[in-house]
Amino acid sequence: KYGEVPLSNDEHRILGHADGEICDKDGAALIEIKSVGIGTVRFEKPSLFMDYSKGELTIDKVWKEVKTPFASHIRQGNIYMYCTGIDTMVFIYEWKPTQEVKEFVVKYNPEIMEPILENCKTVIAHLDNETTPDRPDWAASSSCSGCKFCPYKKVCWK
């Protein structure tokens, strides 16, 4: 039965929902359904996209090269698992060009969560103190992908 699974963590001010949950003889697992297209690959796996854009890979071969969940999805899944206490996440990827499906199972990894939770604490402290946080190390210029559409870009880069 389909039903979104609400999740939250007041301490870190996290709020959201997973796409579903399954419970069977092996235990509980959260489900996250992802529609994946070439734009997703461009953002999540730039090297794979470059091979495609240079004509070195066909669209079918790009899909065959997706063998693990993308890093941002793994981080998202770990946040969801942290908030719910469920230690398994099932990602279902649907490939837009052909509607083929892949399934990936990921276990909770506290090492992935440590920096995420630290960042939450930093953001909360700045919100509580009404101060502006330092720009992240990865933000090399105002035109980098993470800054490009940020609503605080002008404040951050003034």
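For the stretch 56-68, which positions are assigned to a loop (DSSP other than H, G, I, E, B) and either in contact with a Phe, Trp or Tyr (Cβ under 7 Å, 6 or more places away or on another chain) or open to solvent by less than 60 Å² (accessible area, probe 1.4 Å) (or both)?
57, 66, 68 - these are the residues of the stretch 56-68 that are assigned to a loop (DSSP other than H, G, I, E, B) and either in contact with a Phe, Trp or Tyr (Cβ under 7 Å, 6 or more places away or on another chain) or open to solvent by less than 60 Å² (accessible area, probe 1.4 Å) (or both).
Return only the number of the condition from (1) loosely packed, with under 14 Cβ neighbours inside 10 Å; (2) within 30 Å of residue 61 (Cα to Cα) that residue 130 does not satisfy.
Here residue 130 meets the rest and fails (2).
For the stretch 96-108, what are the residues that are within 17 Å of the chain's Cα centre (by Cα) and in a loop (DSSP other than H, G, I, E, B)?
Correct list: 108 only.
Filter the stretch 138-151 down to residues that are out of contact with any Phe, Trp or Tyr (no Cβ under 7 Å at 6 or more places or on another chain) and touching a residue at least 12 places away in the same chain (Cβ under 8 Å) and give me whichever is most open to solvent (accessible area, probe 1.4 Å).
145
Can you tell me how many residues within the stretch 11-46 are more than 16 Å from the chain's Cα centre (by Cα), closer than 14 Å to residue 84 by Cβ and charged (D, E, K, R)?
1
More than 25 Å from residue 10 (Cα to Cα), modelled with pLDDT of 95 or more and either in contact with a His (Cβ under 8 Å, 6 or more places away or on another chain) or surrounded by fewer than 10 Cβ atoms within 10 Å (Cβ to Cβ) (or both), is that true of residue 102?
Considered against the rule, which asks whether it is more than 25 Å from residue 10 (Cα to Cα), modelled with pLDDT of 95 or more and either in contact with a His (Cβ under 8 Å, 6 or more places away or on another chain) or surrounded by fewer than 10 Cβ atoms within 10 Å (Cβ to Cβ) (or both), residue 102 comes out as no.
Out of 92, 79, I need the residue that is part of a helix (DSSP H, G or I) and either farther than 16 Å from residue 38 by Cα or at pLDDT 95 or above (or both). Which one?
After ruling out the rest, the residue left standing is 79.
Pull up the stretch 1-49, narrow it to residues that are part of a helix (DSSP H, G or I) and free of Cβ contacts under 8 Å to residues at least 24 places away in the same chain, then point me to the one that is least open to solvent (accessible area, probe 1.4 Å).
In this case the residue turns out to be 48.
Could you tell me whether the stretch 109-121 includes any residue that is farther than 22 Å from residue 16 by Cα and either part of a helix (DSSP H, G or I) or open to solvent by less than 50 Å² (accessible area, probe 1.4 Å) (or both)?
The answer is no; no qualifying residue exists.
Could you grab the pairs with beta carbons closer than 7 Å, sequence gap of 6+ or different chains, first residue in the stretch 116-137 and within 21 Å of residue 82 (Cα to Cα), second one at pLDDT 95 or above and part of a loop (DSSP other than H, G, I, E, B)?
Final answer for the pair search is 117/12; 120/12; 120/13; 124/13.
The values are calculated or read from the model by the stated rules, or taken from the named source; none is laboratory data. Predicted model only: the values in this text are computed from it and were never measured. Here the Cβ is made from the backbone with ideal geometry for all residues, glycine too, and neighbour counts use every protein chain on show. The area values use the complete protein model at the heavy-atom level, side chains included, leaving out ligands, DNA and RNA. Shrake-Rupley method; radii C 1.70, N 1.55, O 1.52, S 1.80 Å.
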